[in-house]
Amino acid sequence: MKKVQYPVILEQIFEKLNSYGIKPVIIGGYIRDSLLQIDSKDIDIELYDVDNIDHLEVLLSPFGNINEVGKSFSVIKLNIDELDLDFSLPRIDSKIAKGHKGFKITADSHLDFKTATSRRDFTINAIGYDVITNKLLDPFGGIEDLQNKELRAVDLDKFGEDPLRVLRAVQFASRFELSMDQKLLQLCQEMIQNDQLLYLSKERIVAEIEKLLLKSKKPSSGFLLMKEMGLFQIFQEFHNLSEEDFNYTLSLLDRYKTVTHQVKKKEAFITMLTLLTSKFSAEDRNSFLERLTNDKEILHKIFNLHTFLQSPSYTLAMRLDLELLHDYLQTIEMKNYQDLINNIEPKIKGKDLIAQGLQPSVEFSKILEEKYQQQISRFLF
């Protein structure tokens, strides 16, 4: 295989580290994406034969801004322009308590690559690139799995220790259009049935749902996999949808995904959550969204979009052009948008209909309301 390409600035960093006897290995998503010819600005580098994390920080600090958030986990975060670089020491994770955070982390820069990589979730994320020898390191067959479009766990026992990995499996399978290894699928089903995912925080859940929605070409595939796995045991709201409404919701997500490149990430996510819950009852919608986030701004915007979608005058937008939702979302950014709409003076009034020979009646009022809603619709769009 040809040499993995990476930013020039890294050449300088690697040369300096190598001069101190430190061996850098690019690992994980950047190598996976490189093999799939996908651009990435997030790069994880494992450093072998590092004597001291503080010394490492001194070596890296001249190259950019250091973030010490992960230092207690033997991770140095370096930001250079638009690049986000994570320099970490190889480590062993030992399960000591329930949940996603229940691990004891032991850094050991003298581990061999296979041992250090055995803690990772999927084989496609366990591929390394030795920048000194320019060789790919693939102890678990991740390259072949990428070629076969299959998602396999590196170690089923270790995979089962982290409930978040079930949701990661869904979003990775959906994003990269992979089929799940049957042993991995069975393990995920068992973890769900054993209620292991109940310990996950909102922040962790919503982060994986967001990746599924925003990074998948067809988000529907992820939700179909969730159904097959039995994840709707946790997200009970989907059980209350008819098969017709469920399939319609998935079709909406896939249709909308074709226009998300025109939209800011946050707006796209809010709109997709709105579409995802568009067929839920109000009670189910609230319970589902509250399990994902406490962000009042997001919840408020979703509520407003639902109001829009449920208004008889605007339901055509669902069938005609989902891009109209973007314009509406931009409109509700204005704090006084409702006042603005309420203050729109009707262009067609009762006297205009009387002039046309109509007499006041129930039908008379319906015509006026319909014309007014059309006027507001033109104002919004």
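The values are calculated or read from the model by the stated rules, or taken from the named source; none is laboratory data. Since the model is a prediction, treat every value here as computed from it, not as a measurement. Every residue, glycine as well, gets a Cβ built from its backbone with ideal geometry; the counts of neighbours run over all protein chains shown.
Working only within region 56-76, note down all residues that are within 27 Å of Lys104 (Cα to Cα) and loosely packed, with under 12 Cβ neighbours inside 10 Å.
Hits for region 56-76 are Val58, Glu68, Val69, Ser72.
Could you pull out every one of the helices (runs of 4 or more DSSP H) wholly within region 236-299 that has 3 or more residues that are crowded, with 19+ Cβ neighbours inside 10 Å and among the β-branched types (Val, Ile, Thr)? So that I can check it myself, show each step before the final result.
Working: elements: 243-257, 265-276, 282-290.
Of the helices (runs of 4 or more DSSP H) lying wholly inside region 236-299, those with at least 3 residues that are crowded, with 19+ Cβ neighbours inside 10 Å and among the β-branched types (Val, Ile, Thr) span 265-276.
Go through region 208-233 and count every residue that is assigned to a loop (DSSP other than H, G, I, E, B) and not charged (D, E, K, R). Give the steps one after another, and end with the answer.
Of the residues in region 208-233, the ones assigned to a loop (DSSP other than H, G, I, E, B) are 216-218, 230.
Then drop every residue that is not not charged (D, E, K, R), which leaves 216, 230.
Qualifying residue count for the region: 2.
Taking Phe140 as the residue in question, decide whether it is among the aromatic types (Phe, Trp, Tyr) and out of contact with any Leu (no Cβ under 7 Å at 6 or more places or on another chain). Walk me through it before giving the result.
Details: among the aromatic types (Phe, Trp, Tyr): yes; out of contact with any Leu (no Cβ under 7 Å at 6 or more places or on another chain): yes.
So Phe140 fits the description; yes.
If Leu167 passes every condition in (1) closer than 16 Å to Gly29 by Cα; (2) buried (at least 21 other Cβ atoms within 10 Å of the Cβ) but one, which one does it miss?
Only one criterion in (1) closer than 16 Å to Gly29 by Cα; (2) buried (at least 21 other Cβ atoms within 10 Å of the Cβ) is unmet by Leu167, namely (1).
Of the residues Lys104, Lys114, Lys135, only one is charged (D, E, K, R) and in contact with a Leu (Cβ under 9 Å, 6 or more places away or on another chain); which? Quick ask: steps written out before the conclusion?
Working: Lys104 fails: in contact with a Leu (Cβ under 9 Å, 6 or more places away or on another chain); Lys135 fails: in contact with a Leu (Cβ under 9 Å, 6 or more places away or on another chain).
Residue meeting the stated conditions: Lys114.
Suppose we filter region 70-97 for residues that are assigned to a loop (DSSP other than H, G, I, E, B), farther than 19 Å from Lys41 by Cα and not hydroxyl-bearing (Ser, Thr, Tyr); how many remain?
First pass over region 70-97, keeping only residues assigned to a loop (DSSP other than H, G, I, E, B): 70, 74, 81-82, 89-90, 96-97.
Remaining after also requiring farther than 19 Å from Lys41 by Cα: 74, 89-90, 96-97.
Those left that are additionally not hydroxyl-bearing (Ser, Thr, Tyr): 89-90, 96-97.
Matching residues across region 70-97 total 4.
What are the residue pairs meeting all of these: first residue in region 31-52, first residue at positive phi, second residue assigned to a loop (DSSP other than H, G, I, E, B) and surrounded by fewer than 22 Cβ atoms within 10 Å (Cβ to Cβ), Cβ atoms under 8 Å, and 6 or more apart or on different chains?
Pairs that qualify, where the first residue is at positive phi and the partner is assigned to a loop (DSSP other than H, G, I, E, B) and surrounded by fewer than 22 Cβ atoms within 10 Å (Cβ to Cβ), are Asp49/Gly21; Asp49/Ile22; Asp49/Ser109; Asp49/His110.
Tally up the residues in region 1-34 that are touching a Gly at 6+ places or on another chain (Cβ under 9 Å), of a type in the set (A, V, I, L, M, F, W, C) and either part of a helix (DSSP H, G or I) or not assigned by TED's automatic domain parsing to the domain that holds Arg120 (or both), please.
Let us first name the residues in region 1-34 that are touching a Gly at 6+ places or on another chain (Cβ under 9 Å), namely 9, 25-28, 31-32.
Okay, now just the ones that are also of a type in the set (A, V, I, L, M, F, W, C), so 9, 25-27, 31.
Applying the additional criterion that residues be either part of a helix (DSSP H, G or I) or not assigned by TED's automatic domain parsing to the domain that holds Arg120 (or both) yields 9, 31.
Total satisfying the criteria: 2.
Please specify each residue of region 145-198 satisfying the condition of being touching a His at 6+ places or on another chain (Cβ under 7 Å) and assigned to a helix (DSSP H, G or I). Working first, answer last.
Let us first name the residues in region 145-198 that are touching a His at 6+ places or on another chain (Cβ under 7 Å), namely 162-164.
Leu164 - this is the single residue of region 145-198 that is touching a His at 6+ places or on another chain (Cβ under 7 Å) and assigned to a helix (DSSP H, G or I).
Quick one: which of Gly28, Gly21 is exposed (fewer than 15 other Cβ atoms within 10 Å of the Cβ) and either on the phi > 0 side of the Ramachandran plot or of a type in the set (Lys, Arg) (or both)?
On the way: Gly28 fails: exposed (fewer than 15 other Cβ atoms within 10 Å of the Cβ).
Answer to the check: Gly21.
For region 65-84, what are the residues that are touching a residue at least 40 places away in the same chain (Cβ under 8 Å) and out of contact with any helix residue (DSSP H, G or I) (no Cβ under 8 Å at 6 or more places or on another chain)?
Glu82, Asp84
Taking Ile205, is it under 19 Å from the mean Cα position of the chain (by Cα), in a helix (DSSP H, G or I), on the phi < 0 side of the Ramachandran plot and in contact (Cβ under 8 Å) with a residue 12 or more places away in the chain? Full working, then the answer.
Details: under 19 Å from the mean Cα position of the chain (by Cα): yes; in a helix (DSSP H, G or I): yes; on the phi < 0 side of the Ramachandran plot: yes; in contact (Cβ under 8 Å) with a residue 12 or more places away in the chain: yes.
Answer is yes for this residue.
Quick check: is even one residue across region 109-128 assigned to a strand (DSSP E or B), modelled with pLDDT of 95 or more and touching a strand residue (DSSP E or B) at 6+ places or on another chain (Cβ under 9 Å)? Talk me through it step by step, then tell me what you get.
So the first thing to find is which residues in region 109-128 are assigned to a strand (DSSP E or B), and the list is 122, 128.
Within this subset, residues satisfying the condition of being modelled with pLDDT of 95 or more are 122, 128.
Still in the list and also touching a strand residue (DSSP E or B) at 6+ places or on another chain (Cβ under 9 Å): 122, 128.
Looking through region 109-128, at least one residue is assigned to a strand (DSSP E or B), modelled with pLDDT of 95 or more and touching a strand residue (DSSP E or B) at 6+ places or on another chain (Cβ under 9 Å).
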